[in-house]
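J.: First the structure, which I've put down as structure tokens, then a few questions once you've had a look.
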Amino acid sequence: MGRTWVLDTETKGTGAQMVPLDKVVETPENKPLFVPRKHRPKPPPETAPRAPRRFKVVDISTREVLSADAGARSTLALLGAIRSSVDVNVFVWEPSTEAWRLLTLREKRMLWERRTGTSPE
């Protein structure tokens, strides 16, 4: 019985070769068994609890600091005594940048809606 020849293109040279089929076909006995490892999920990173927000309230007209490094409750109580939301600037401490950040209009409105010490309008 004759041998079957095939074109082997797996060569690293410039071209392919004609080789017997027996040399190209890998048999299970010659090939090492590969079993992939089971995937273990990474544990979630441990996050430290977030520190309470700290606020600074500054009067717009006089640039007087009405409260500095105050908690949320005391800031809401102070805002309750303010006539209008446009009379003050409210800043929040950002620990990542270690700087005071002016609240956006949306954030300031959210604080203003939750202020205490005022009668309902």
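J.: Being part of a strand (DSSP E or B) and more than 28 Å from the chain's Cα centre (by Cα) is the filter; apply it to the stretch 38-80 and report the residue that is nearest to M110 (Cα to Cα).
T.: Filtering first and then ranking leaves V57.
J.: Within the set of pairs 6 or more residues apart or between chains, which connect a residue that is modelled with pLDDT of 90 or more inside the stretch 97-121 to a residue that is open to solvent by less than 100 Å² (accessible area, probe 1.4 Å) and of a type in the set (K, R) with Cβ atoms less than 7 Å apart?
T.: W100/K56
J.: If a residue must be in a loop (DSSP other than H, G, I, E, B) and more than 17 Å from L79 (Cβ to Cβ), how many such residues does the stretch 93-108 contain?
T.: Result for the stretch 93-108: 4.
J.: I would also like to ask the following. From R115, R83, grab the single residue that is open to solvent by less than 80 Å² (accessible area, probe 1.4 Å) and assigned to a loop (DSSP other than H, G, I, E, B).
T.: R115
J.: Moving on. Pairs only if they're at least six apart or on different chains, beta carbon under 9 angstrom, first in the stretch 33-50 and open to solvent by 100 Å² or more (accessible area, probe 1.4 Å), second part of a loop (DSSP other than H, G, I, E, B); list them, first residue then second.
T.: Taking only residues 6 or more apart or on different chains, the pairs are R50/P95.
Results for (1) hydrophobic (A, V, I, L, M, F, W, C); (2) out of contact with any helix residue (DSSP H, G or I) (no Cβ under 8 Å at 6 or more places or on another chain), shown as yes or no for each residue.
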site: R37; (1), (2): no, yes
site: E46; (1), (2): no, yes
site: T62; (1), (2): no, yes
site: L66; (1), (2): yes, no
site: G71; (1), (2): no, yes
site: A77; (1), (2): yes, yes
site: S85; (1), (2): no, no
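J.: Does the stretch 54-75 hold any residues that are closer than 19 Å to A99 by Cβ and exposed (fewer than 14 other Cβ atoms within 10 Å of the Cβ), and which are they?
T.: Listed by number, the residues that qualify are R63, V65, A68, D69, G71.
J.: Here's another thing I want to ask about it. Filter the stretch 1-15 down to residues that are at pLDDT 80 or above and open to solvent by less than 100 Å² (accessible area, probe 1.4 Å), then give me how many there are.
T.: So the count comes out to 2.
J.: Cβ-Cβ under 6 Å, sequence separation 6+ or interchain: first residue in the stretch 60-83 and charged (D, E, K, R), partner surrounded by 14 or more Cβ atoms within 10 Å (Cβ to Cβ) and modelled with pLDDT of 95 or more. Which pairs?
T.: D69/R54
The values are calculated or read from the model by the stated rules, or taken from the named source; none is laboratory data. Everything numeric here is computed off the predicted structure, so don't read it as measured data. Counting neighbours? That spans all protein chains shown, and the Cβs are built from the backbone with ideal geometry, glycine included. These accessible areas exclude ligands, DNA and RNA; they are computed on the full protein's heavy atoms, side chains included. Shrake-Rupley method; radii C 1.70, N 1.55, O 1.52, S 1.80 Å.
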